[in-house]
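Remarks on the structure that follows.
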Amino acid sequence: MIRKVYLKYLLDRLRKESFFSFFKYGYRYVFTYISFKTNRSFSGPIQGTLCLTYNCNLKCKMCDLPMRHLNYNNDPDLINLTLTEWKQIIDDFSKMSTSAIAISGGEPLLNHEVYSIIKYIKDSKMIAQMTSNGWFITPDVADKIILSQLDGISISIDAETEKVHDKIRGFKGSFKKAFEAIANLDDSRKKYKSDITISISTTFGKFNYNSMKSLIELAKTSATDRIGFIPVHNIAPLLNDDEMNMSRLETEEIFIKITELQNLAKEDNFIETSERYLQLFHDFFQGKPLPQKCMAGFTTLVVDCYGRIFPCFSFYEMEKSWGNIREFKKGLYSFWKSKEIQSKRKSINSCRDCYWNCQVETNLLYKW
């Protein structure tokens, strides 16, 4: 099974577009795979990601982006992209027939161009999705998000209790703000008769693995449409990961909880994470490398707020840039077709460093 939100977006697009769009998406699927097998660019990335800022108001245990934001601000060589440059990047994704653009950060709402960027993505006929911690989503901001025509938004919530969630997210009150954001978004969704999908995104690891079933039940009492999971990755360069390390007992217990989550996913469409991805959690928590070839740089491409290009979100997290958009006079499209990217794709083909949901779930579309 594939991730349920992908299927929803695809069916929505097929319903809104002509019958021939079925063949367009079929073409994209086939030629992305051919591109991967031949290391040539017959098709653009299925999903692009725009990381609008490294800044964030929270201090999550598994994330060093706010620290990097402070460091980057002191680097005179790093200059933020202008709205005009963001629009050119979106134009290039559209030119490459990219299906969807994810908006991320840091906390993307700290970039005040976010509504214009979302609107431009939608005007370019691509799916737009955003992840947020929810802190800034007041009723007015919720209205702006809905009116931007965003297709889906994920709010980060990691536990069923305020105490555990706020500990993971490093800021008191973040649990309350996240659920207020969901309520505000739902009110705006109803007011403007929007079909936006509101999801919860949950990191799964040492601090919360015992509470997933309770969190799912709590989520169902809110206006959330779905909940998804990702294992906590210790890949942030500036973090000391000792606190994340699990004891043998905790590791044994987490395997039981993963199996419980798999069984719930089989029975409950509220869980958007695919069963095949959840199965891989067993390998992840045993420290095994990803048991499949990675298609990053074919299926996905990420651009950060300074114009740096990454094949996937994990490389963005690990500061492994493939270059800068400003180095290519003809923009992202010329980078996608360049000899430089062909050589870099060869190296990533053997990468097994992460189990990040956006990348692995996309890879699983090609695992028959």
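The values are calculated or read from the model by the stated rules, or taken from the named source; none is laboratory data. Treat the numbers as computed from the prediction; the structure is a model and nothing was measured. Positions of Cβ are generated from backbone atoms using ideal geometry, with glycine treated the same way; all protein chains shown enter the neighbour counts. Only protein heavy atoms, including side chains, enter the accessible area calculation; ligands, DNA and RNA are left aside. Shrake-Rupley method; radii C 1.70, N 1.55, O 1.52, S 1.80 Å.
A few remarks follow.
- Flag for Leu249 being open to solvent by 50 Å² or more (accessible area, probe 1.4 Å), more than 21 Å from Cys354 (Cα to Cα), modelled with pLDDT of 95 or more and of a type outside the set (Ser, Thr, Tyr): no
- Summed over region 85-96, the residues that are buried (at least 19 other Cβ atoms within 10 Å of the Cβ) and either in contact with a Cys (Cβ under 7 Å, 6 or more places away or on another chain) or of a type in the set (Asp, Glu) (or both) give a count of 1.
- Test: residue in region 277-296 that is closer than 24 Å to Leu81 by Cα and of a type outside the set (Asp, Glu): yes
- Scanning region 112-165 for residues that are among the hydroxyl-bearing types (Ser, Thr, Tyr) and farther than 18 Å from Asn184 by Cβ yields Ser116, Tyr120, Ser124, Thr161.
- Taking the criterion of being touching a strand residue (DSSP E or B) at 6+ places or on another chain (Cβ under 7 Å) and either in a loop (DSSP other than H, G, I, E, B) or surrounded by fewer than 21 Cβ atoms within 10 Å (Cβ to Cβ) (or both), the residues of region 217-227 that qualify are Ala223, Thr224, Asp225.
- Residue ID - most open to solvent (accessible area, probe 1.4 Å), chosen from residues in region 97-131 that are among the acidic types (Asp, Glu) and touching a residue at least 12 places away in the same chain (Cβ under 8 Å): Glu113
Results for (1) over 21 Å from Cys56 (Cβ atoms); (2) at pLDDT 95 or above; (3) not in a loop (DSSP other than H, G, I, E, B), shown as yes or no for each residue.
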site	(1), (2), (3)
Lys177	no, yes, yes
Asp187	yes, yes, yes
Lys190	yes, yes, yes
Lys193	yes, yes, no
Ser201	no, yes, yes
Ser214	yes, yes, yes
Asn234	no, no, no
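- Residue within region 297-314 that is surrounded by 14 or more Cβ atoms within 10 Å (Cβ to Cβ), at pLDDT 90 or above and part of a helix (DSSP H, G or I) present: yes
- Scanning region 41-66 for residues that are surrounded by fewer than 19 Cβ atoms within 10 Å (Cβ to Cβ) and closer than 21 Å to Ile89 by Cα returns a single hit, Phe42.
- Only one entry of Gly134, Gly152, Gly173, Gly205 meets the criterion of being modelled with pLDDT of 95 or more and either over 17 Å from the mean Cα position of the chain (by Cα) or open to solvent by 30 Å² or more (accessible area, probe 1.4 Å) (or both), and that entry is Gly173.
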